[in-house]
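Encoded as structure tokens, the structure appears first; notes follow it.
Just so you know, all these numbers are worked out from the coordinates, no wet-lab data involved. As the structure is a computational prediction, the values presented were derived from the model and not from experiment. Neighbour counts are summed over all protein chains in view; Cβ atoms, including those assigned to glycine, are modelled from backbone coordinates with ideal geometry.
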Amino acid sequence: MKMYKKKQLVALALCGLVSTAQAGEKEELLKLKNTTTNLIKELVKQGVLTEQVADEMIKRAEKDAETQVQQMTAEQKDEDLEPGEVRVPYVPEFIKEEIRQDVRKELREDVVGDVVQKAKKEKWGTPDALPDWVNRFKLSGDLRLRSQNDFYADDNATNPDGTSVYPNYQEINAAGGLSRTLSQNRFLNNMDRHRFRERFRLGIDAKLADELRAGVRLATGNMPDPVSTNQDMGVTGSQYEFNVDRAFLEYNLADQEGFKWLTLSGGRIASPWYVGGGEFTAGSELLWDVDLSFEGFSGTYRYDLGGALLPEKTDHPVQSVYLTLGGFPLQETGLSFRDKWLFGGQGGIAWSFKDHDSIRAAVAYYDYRNLQARPNTNNPPTCDLNNAVNNFSVPQFMQLGNTLASICQAANGTPELFGLASDYNIINVNLSYDYAGLAPHHIIFGADYAKNLGFDGDSVNKFDVVNNIDPNGTVGDETNAWQVRIDYGWPKVERAGQWNVFTFYKYVERDSVLDAFTDSDFRLGGTNAKGWVIGTNYGLMKNVWFTGRWLSSNVISGPKYDIDILQLDINTKF
């Protein structure tokens, strides 16, 4: 607005000159001189002009005035005017109007610019002109439509009714025992199946302070399943379940350059663990399914070894190390002090090179507490509620694969409820290398390895084990899991025409990881499986892309139960 004020004052001075000239009074000329001098001084005081410029203006005006007086004196001689007389011509109205229009035209551009800037700053009539609390909230979400075909091998081991010989232990426990389970739910499916599925998630983040935010995410799916937010279509028009998938507080501390060196989270949070993969590509689901949320508390400390931040959406600088610790209650019961918990710690390094290649590596240890089955103490160990003091050791959720033991029996001695026979203390190592030498395409290599150090054969074989029995009648040590993966293409598919392809091989032994939390798509979830996955992502338009995956799995030990799966997805995000 300074230029605008300057021109406004100059315009006033011009008007003063015209009116004074018309008056023709010597006193008015003196007033004009004083007014102009004072006006220039005021402009200096307000910072519009410098003292040097003001002095030059006054000197130039005096010089111009002297020259004009000499010219006018010469004209006086020609026109026979008396000495001291000054002839001021009449200024017609149309001349004055032209002066006004020229001034308006000259000032319009500056005035409009100043007004627009002020409007933006004060949010005149714009969508942002909302209460401050509204601006603290951020909405995000995604929607996925999926076509899924499950193809079962023709020579899978089956019961006479065509079902798999593998019992559906999740359904049995949920029903309260084998004798209470409907016959069609007692065994896993073994018939080819096609279904359409949908996933919708809506997240709301609120900035409570510069360092503190709260978040809530709602998602489709069913409550008993922690590793899937898919909703099967075909429910005769019934409404979908929409559950609280996340609800958390997150506190961040950053240095002056914006590097987040400390993050503390509590509530139902996203996975705090690094699981391999590139900065924007999918990592390994060897231990944790991508849809799994964690209930509890975690903290991450990061130390900057030097360099700027990595590309968008990362808290790790070019060279940094970090340490994450977390504690998560899995199952709380008022009937026992043996609540089930997960404690974990992970340390890692992120390193980016001058040619934009980067490497990530991490080592983690996860300690599960009180997960093993505890058979009822009455003899025989019946499931009678009056004696079912250890029924709390029944897992609230399981998929397939882990070695199970009987917790209690029916009156005829048949096992009724089932729990985990092994303890789980898992060490996990993962590594990824992002090669950017073919930019904009990247090649990303990933490797993941897990070992269950908590398995003890002697302890496991003391249970009444109901699966995983070798021909010699004992439970074998099957506690290793690993995966290797390669991605090629755009590291992030978010626009039309962008694409990538990927493939990986996975080998997950029976008791290597907890089957409840591992990948829910490969072999339809669980452990004791090996096989290949190939797939592609292709951008259809901004924030809309297609995904196709073929998952081929085989059982590692026990009766044959092989499944191939085709998934075709349309993904959107906002």
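At-a-glance table
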quantity	calculated
Simple label model, 7 Å out from Cα along Cβ direction - Thr236 to Lys59, nm	10.0 nm
Sorted by Cβ density within 10 Å, fewest first, the residues His194, His356	His194, His356
Region 153-573 - share of DSSP beta bridges that are antiparallel (%, nearest 5)	100 percent
Distance in nm between pseudo-label sites at Gln101 and Thr474 (7 Å out along the Cβ direction from Cα)	10.8 nm
Phe353/Leu325 FRET efficiency (R0 35 Å; Cβ-Cβ; nearest 0.05)	0.75
Rounded if a/c under 1.5, otherwise prolate or oblate - region 153-573, Cα gyration tensor axes	prolate
Extension reserve of the Leu540-Asn189 stretch, reckoned as 0.36 nm per residue once the Cα distance is removed	122.8 nm
Net length gained if the chain between Asp210 and Ala410 were fully extended (0.36 nm per residue, minus Cα distance)	66.1 nm
Two-site label geometry, Val501 and Asn243: point separation in nm, points 7 Å out along Cα→Cβ	3.8 nm
Sequence of Ile570, Ile40 once ranked by neighbouring C-beta atoms within 10 Å, starting from the fewest	Ile570, Ile40
Nearest-0.05 FRET efficiency for Gln117 and Asp384, computed from C-beta distance (R0 60 Å)	0.15
Given Lys354/Lys573; Lys492/Lys560; Lys138/Lys542; Lys260/Lys506, the pairs whose alpha carbons are separated by over 29 Å	Lys354/Lys573; Lys492/Lys560; Lys260/Lys506
Sorted by Cβ density within 10 Å, fewest first, the residues Ser422, Ser320	Ser320, Ser422
Extension gain, Asp161 back to Phe574 (0.36 nm per residue minus Cα-Cα distance, nm)	144.1 nm
